[in-house]
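Enquirer: Structure in structure tokens, see below.
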Amino acid sequence: MENQEKNTENAPAVKPAYIMVQMNAKSMEELNQRYAQFAIPILHKYEGQMIAGSPAPIVKEGDWNGNWAAILRFPSIEAAEGWYNSAEYAPYKNIRINELQTEEARIVIIGGL
């Protein structure tokens, strides 16, 4: 039992991961109806949470040409990658990319500290 406790104590801590999203939706209503209502439950299945989202973020530097920004939190990079690359999410990602955006979105996965 003592060896198990020592191994747990020495195991590296799993760090959270964040996905930053910047996109320009053709229609926020259509984005919600055709994408968000289906993608959010899949996000939760992979232990993801939307911790911030805004159609009008405050831009301090650089260009902003989107109408939606969001930050998603996952328990690990593996969980974030699992969600983004999952078979369940694929059809909704395809709809978002090919039908609901006016241009290519910016999706970035960042490892937490």
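No value in this document is a laboratory result; all are computed from the given coordinates. No experiment lies behind these values; they were computed from the predicted model shown. Neighbour counts are summed over all protein chains in view; Cβ atoms, including those assigned to glycine, are modelled from backbone coordinates with ideal geometry.
Enquirer: How high is the FRET efficiency between ALA87 and SER54 when r is their beta carbon distance and R₀ equals 22 Å, given to the nearest 0.05?
Expert: Details: r = 30 Å, r/R0 = 1.35.
Result of the calculation: an efficiency of 0.15.
Enquirer: Here is a follow-up. Which whole-number percent is the relative contact order of the chain (Cα, under 8 Å, 6+ apart)? Could the numbers behind the result be given before it?
Expert: Numbers: 171 pairs, mean separation 50.9, N = 113.
Here the relative contact order equals 45 percent.
Enquirer: Based on DSSP loop calls and a cut-off of at most 13 other Cβ atoms within 10 Å, the longest stretch of the chain free of exposed trypsin sites (Lys or Arg not before Pro) is what? Display every interim value, and only then the final one.
Expert: On the way: sites that count: LYS26, LYS60.
That would be 61-113.
Enquirer: Name the residue, out of GLN22, GLN33, GLN101, whose mean-square fluctuation peaks in a Gaussian network model built on the chain with Cα pairs under 10 Å.
Expert: Highest fluctuation of the listed residues: GLN33.
Enquirer: Would you mind classifying the stretch 50-113 by shape? Square roots of the alpha carbon gyration tensor eigenvalues, ordered a ≥ b ≥ c; an a/c under 1.5 is rounded, otherwise it is prolate if a/b is larger than b/c and oblate if not.
Expert: Details: a/c = 2.26, a/b = 1.17, b/c = 1.94.
It comes out oblate by the Cα gyration axes.
Enquirer: Hey, another quick one. For the chain, what is Rg from Cα atoms divided by 2.2 N^0.38 Å, rounded to two decimals? Numbers along the way, then the final one.
Expert: Values: Rg = 16.9 Å, N = 113, 2.2 N^0.38 = 13.3 Å.
Computed over Cα atoms of the chain, the ratio equals 1.28.
Enquirer: Taking H as built 1.01 Å from N, whose amide H comes closer than 5 Å to the amide H of GLY112, not counting residues under 5 places away?
Expert: The list, which skips near neighbours in sequence, is ALA17, TYR18.
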